[in-house]
Structure formats: C-alpha cells, structure tokens
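The values are calculated or read from the model by the stated rules, or taken from the named source; none is laboratory data. Everything quoted here is computed from the prediction, not taken from an experiment. Here Cβ is always computed from backbone atoms with ideal geometry, including for glycine, and neighbour counts include all displayed protein chains.
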Amino acid sequence: MTDDNYTGVTTGTIATACSLAALDAILDTPDIACVKVETPKKILDILIDECRLLSKSKAYAVAHKNPYNDPDVTVDLAIVSTVELLDKKDEESNVIICGGEGVGIITKPGLQIPVGEYAINPVPRQMIIKNLEEKIPDGKIAKVTISIPEGGKIAKKTMNPKLGIVGGISVLGTTGIARSMSSDAYKNSIVTQIDVALASDVGDLIFVPGNIGEKLAIQDLGVSKEQIIQTGNFVGFMFEEAEKRGITKFTYFGHIGKLIKVAGGIFDTKHAVADGRREIMVTHAALCGVEKEHLQKLFDSKTTDDMMSILDELGVSVEVSNSIAQAIHDRCMQRFDLDLNVILVDMEGNYLNDNMELNYLDFVEVEDSYFTG
C-alpha cells in the first residue's frame, strides 16, 4: 500500500477483513494470514493475527488495528469477527451483521444508525456485505458478529457516552482508510454531537474547545453534558455546521488561551496552523490604553495566563477581556451570522469578562433554579 496519503485503516476495514477471513476458513481456505479487502477507495491487504474454525459452519478471525500517525484510541485494539453459515429462510440479505462484546449500542437519535442497533456505521456494514456476499453458498446466509473485547474500556475515552452509545465503541469509517485528526473523517465524528443534541431536543448549547472547557462549563454554568459541544481545533467548521442546522444562538465558553485566537479571525486553533495570541492580546490592551512599556511585557510573555497577571496588576484585565470577547462575537457575526454569548475563563474557571453569569442567564432564559450551587 504505497500511497502518500495513506496513514492507516479504519476499524470498519479490520472488521471486514476478519469477517472475510472467518468465512474463508469455513469454505476450507487454509492458513489465512492475509486477506484482500475492497474498500470504497482501494483494495487493501490486511494481515490476520488468528483465524480458527469452530465447526463446519462457524469460524472466527482476529486482527489488530496497527499504529499510524494519529492519536487514535482504537490503535492496537483486537477486533474479532465470528461468522456462522445458516440456512436461508425469508431474509432479504444473505449477510446479517450483529455486534458483540465491546461494540456499543445506540440509545439516542441523531446518529447514522437507528436507536437500539449496534454502533456499526453504514459504510463498514456495506463493506462487510460487499466483500462476503458473493462467496456465500446458495441457500445460506452469513451471520457476522463483530466484537472488540477492550471496547467497553476504551469507550470511556471517547465521545460515545455523551452521544448515547453505551457498552462499547463504534465501528467507523467512510473510506476504509484512516487519516489524521485534520481529516474530514474526524470533523464528521465531532459534528455528530450537534446532530444528537438537536435530535434529542437539547437546547441552550454550550460550545467549548475540549475536555477542559467541558469540565469548567459544567462546573461554572451548571449545565448538563448533553448541552456541551466540543469543537476541538475546528471552531470555524463547527460553527458553520451549527448555522447550517439552524442554530443561530449559543454560548461559546472556554479558556482565554484558546478563544482569543478567534478574536483575530483564526478559526482553526491548532497551534501549528496559527497562533497570534500575544499579538491579539497586545492589540486589545493598547485599545484599552495600556502604555508601550507594559505592551512590551505582554508581548514578551509566554502564556495568556502570564499576560492576564500583568493586566491584573494594571487593573485593566476585565476591560481587555471584554474587548476580546466582543471581538470574538463580532468576528463570528461577520462570518457566520451567529449571535454568540462569549464567556472567557482562566484555568480555574474564573470569569474574565464582565457579568458573564448574568449575561448567560439572560441569554438562554432558563430558570434560576438551574444554576443552584
């Protein structure tokens, strides 16, 4: 597989490979160490760790998802497919796909799979069917059960619990080829948060950069996890998707070190893409009347927390924070026509711009009792 853009394979591709190997074992193909899997993009050679015949009509195969250039929690996981050939009765398809241990079950609407089904996405399902169906003997159907033994444990490190996928991880993939977090596949995975919230009639959404923002928002605002939408570094993408779905008002909450970039028109906040934090901070400090010698100290600072300490000493931290929050709001209004309530906080969750708890209550118009404690 010599493709400059190739980085890895999806869990869906591994599940398909194991299903194919297990079926081949039933059909008397010996010594299965590698199978060819047809994906939507290309044919891939996938190594099989183990394949064993359990009976004349049943076999299983195991393979691992190899490491690639991405912090993917599913890397090195064992993926198992058990295939059993059964007599065909009234089934329309000759392939039945089920989930086993470690594969999550959908409990909330808004995802690609209906509530109550196993979290094996449409493309992996199609791949399994396409790769197996022509090999299945006449009058038979293949019952395919995908298991991921460590899936229940790994799922706690993913968004699955918040999305209502319980008991394990999802079998994913749109092309069969896994790419880095900058890929469209990753964007598609995080935008499902919005779809699930809308399908579940969850209102008053809070957009945050990541896990720290989520933790602080729950701590400070008393909101539920279902109201939290993590953008990752893809702020512009997530705001655009929100607008496409008819969301025009929400709260943008998080540490000033992340949100400040949006004040400068930076909507991909990955450090390697763009920074500009000190330049933006110095600009707003200057607009608020901070003198040149102090501006130089701000410019020489390494972190936004250090900058805020300097502004605190000068007694202008709230004024500068207000200016930055207003710039974030205005930038988003210009680009997306979104009316945001912007809340900037430090690492402890302390508000940095003025009267934000009151503004939040006014903005979402919820009962005072919602913010007890």
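Out of VAL223, VAL282, VAL191, I need the residue that is under 24 Å from MET347 (Cα atoms) and under 21 Å from the mean Cα position of the chain (by Cα). Which one?
Going through VAL223, VAL282, VAL191 in turn, just one is under 24 Å from MET347 (Cα atoms) and under 21 Å from the mean Cα position of the chain (by Cα): VAL223.
Out of (1) in contact with a strand residue (DSSP E or B) (Cβ under 9 Å, 6 or more places away or on another chain); (2) at pLDDT below 90; (3) over 21 Å from VAL35 (Cα atoms); (4) not β-branched (Val, Ile, Thr), what's the single condition that is false for GLY110?
All conditions pass for GLY110, except number (1).
Does THR13 satisfy being crowded, with 21+ Cβ neighbours inside 10 Å, under 15 Å from LEU172 (Cβ atoms) and modelled with pLDDT under 95?
Yes: the conditions hold for THR13.
Based on this model, can you work out whether GLY167 counts as touching a helix residue (DSSP H, G or I) at 6+ places or on another chain (Cβ under 8 Å) and either in the same structural domain as ILE43 (by TED's automatic domain parsing) or more than 30 Å from LYS56 (Cβ to Cβ) (or both)?
Taking the combined requirement at face value, the residue satisfies it.
Restricting attention to region 297-316, report how many residues are more than 18 Å from ASN350 (Cβ to Cβ) and loosely packed, with under 11 Cβ neighbours inside 10 Å. Outline the logic, then answer.
The first filter runs over region 297-316 and keeps only residues more than 18 Å from ASN350 (Cβ to Cβ), leaving 297-302.
Subset that is loosely packed, with under 11 Cβ neighbours inside 10 Å: 302.
Qualifying residue count for the region: 1.
Looking only at region 25-61, filter to residues that are among the acidic types (Asp, Glu) and out of contact with any strand residue (DSSP E or B) (no Cβ under 7 Å at 6 or more places or on another chain); which one of those is farthest from LYS135 (Cα to Cα)?
ASP31
Scan region 181-200 and give yes if some residue there is assigned to a loop (DSSP other than H, G, I, E, B), buried (at least 22 other Cβ atoms within 10 Å of the Cβ) and outside the structural domain of ILE165 (by TED's automatic domain parsing), otherwise no.
The answer is no, given that none of the residues of region 181-200 is assigned to a loop (DSSP other than H, G, I, E, B), buried (at least 22 other Cβ atoms within 10 Å of the Cβ) and outside the structural domain of ILE165 (by TED's automatic domain parsing).
Only residues that are of a type in the set (Lys, Arg) and crowded, with 18+ Cβ neighbours inside 10 Å: list them for region 116-148, please.
The first filter runs over region 116-148 and keeps only residues of a type in the set (Lys, Arg), leaving 125, 130, 135, 140, 143.
Across region 116-148, the qualifying residue is only ARG125.
Loosely packed, with under 14 Cβ neighbours inside 10 Å, modelled with pLDDT under 95 and assigned to a strand (DSSP E or B) - does that describe any residue in region 17-34?
yes
Looking only at residues in region 246-286 that are among the basic types (Lys, Arg) and either surrounded by 15 or more Cβ atoms within 10 Å (Cβ to Cβ) or modelled with pLDDT of 95 or more (or both), which one is farthest from VAL191 (Cα to Cα)?
Applying the first criterion (among the basic types (Lys, Arg)) to region 246-286 yields 249, 258, 261, 270, 277-278.
Now drop any that are not either surrounded by 15 or more Cβ atoms within 10 Å (Cβ to Cβ) or modelled with pLDDT of 95 or more (or both), which leaves 258, 261, 277-278.
Working: LYS258: 19, LYS261: 21, ARG277: 26, ARG278: 30 Å.
Filtering region 246-286 for residues that are among the basic types (Lys, Arg) and either surrounded by 15 or more Cβ atoms within 10 Å (Cβ to Cβ) or modelled with pLDDT of 95 or more (or both), the one farthest from VAL191 (Cα to Cα) comes out as ARG278.
Residue-wise test of (1) hydrophobic (A, V, I, L, M, F, W, C); (2) at pLDDT 90 or above; (3) touching a strand residue (DSSP E or B) at 6+ places or on another chain (Cβ under 9 Å); (4) more than 18 Å from GLY210 (Cα to Cα).
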{"residue": "SER147", "(1), (2), (3), (4)": "no, yes, yes, yes"}
{"residue": "GLU150", "(1), (2), (3), (4)": "no, yes, yes, yes"}
{"residue": "LYS153", "(1), (2), (3), (4)": "no, yes, no, yes"}
{"residue": "LEU163", "(1), (2), (3), (4)": "yes, no, yes, no"}
{"residue": "GLY167", "(1), (2), (3), (4)": "no, yes, yes, yes"}
{"residue": "VAL171", "(1), (2), (3), (4)": "yes, no, yes, yes"}
{"residue": "THR174", "(1), (2), (3), (4)": "no, no, no, yes"}
{"residue": "LYS187", "(1), (2), (3), (4)": "no, no, no, no"}
{"residue": "ALA197", "(1), (2), (3), (4)": "yes, yes, yes, no"}
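Which one is surrounded by the fewest Cβ atoms within 10 Å (Cβ to Cβ) among residues in region 317-344 that are in contact with an Asp or Glu (Cβ under 9 Å, 6 or more places away or on another chain) and in a strand (DSSP E or B)?
Per the criteria, the residue is ASN341.
Which residue is modelled with the highest pLDDT, if the candidates are limited to region 65-92 and must be in a loop (DSSP other than H, G, I, E, B) and touching a helix residue (DSSP H, G or I) at 6+ places or on another chain (Cβ under 7 Å)?
This residue is LEU77.
Quick one: which of GLY232, GLY289 is of a type in the set (Gly, Ala, Ser), in a loop (DSSP other than H, G, I, E, B) and surrounded by fewer than 17 Cβ atoms within 10 Å (Cβ to Cβ)?
The match here is GLY289.
In this structure, does ILE324 turn out to be at pLDDT 95 or above and closer than 22 Å to GLY232 by Cβ?
yes
When you scan region 110-129, do you find a residue that is over 27 Å from the mean Cα position of the chain (by Cα), under 16 Å from TYR60 (Cβ atoms), not small (Gly, Ala, Ser) and not in a loop (DSSP other than H, G, I, E, B), even just one?
No, region 110-129 contains no residue that is over 27 Å from the mean Cα position of the chain (by Cα), under 16 Å from TYR60 (Cβ atoms), not small (Gly, Ala, Ser) and not in a loop (DSSP other than H, G, I, E, B).
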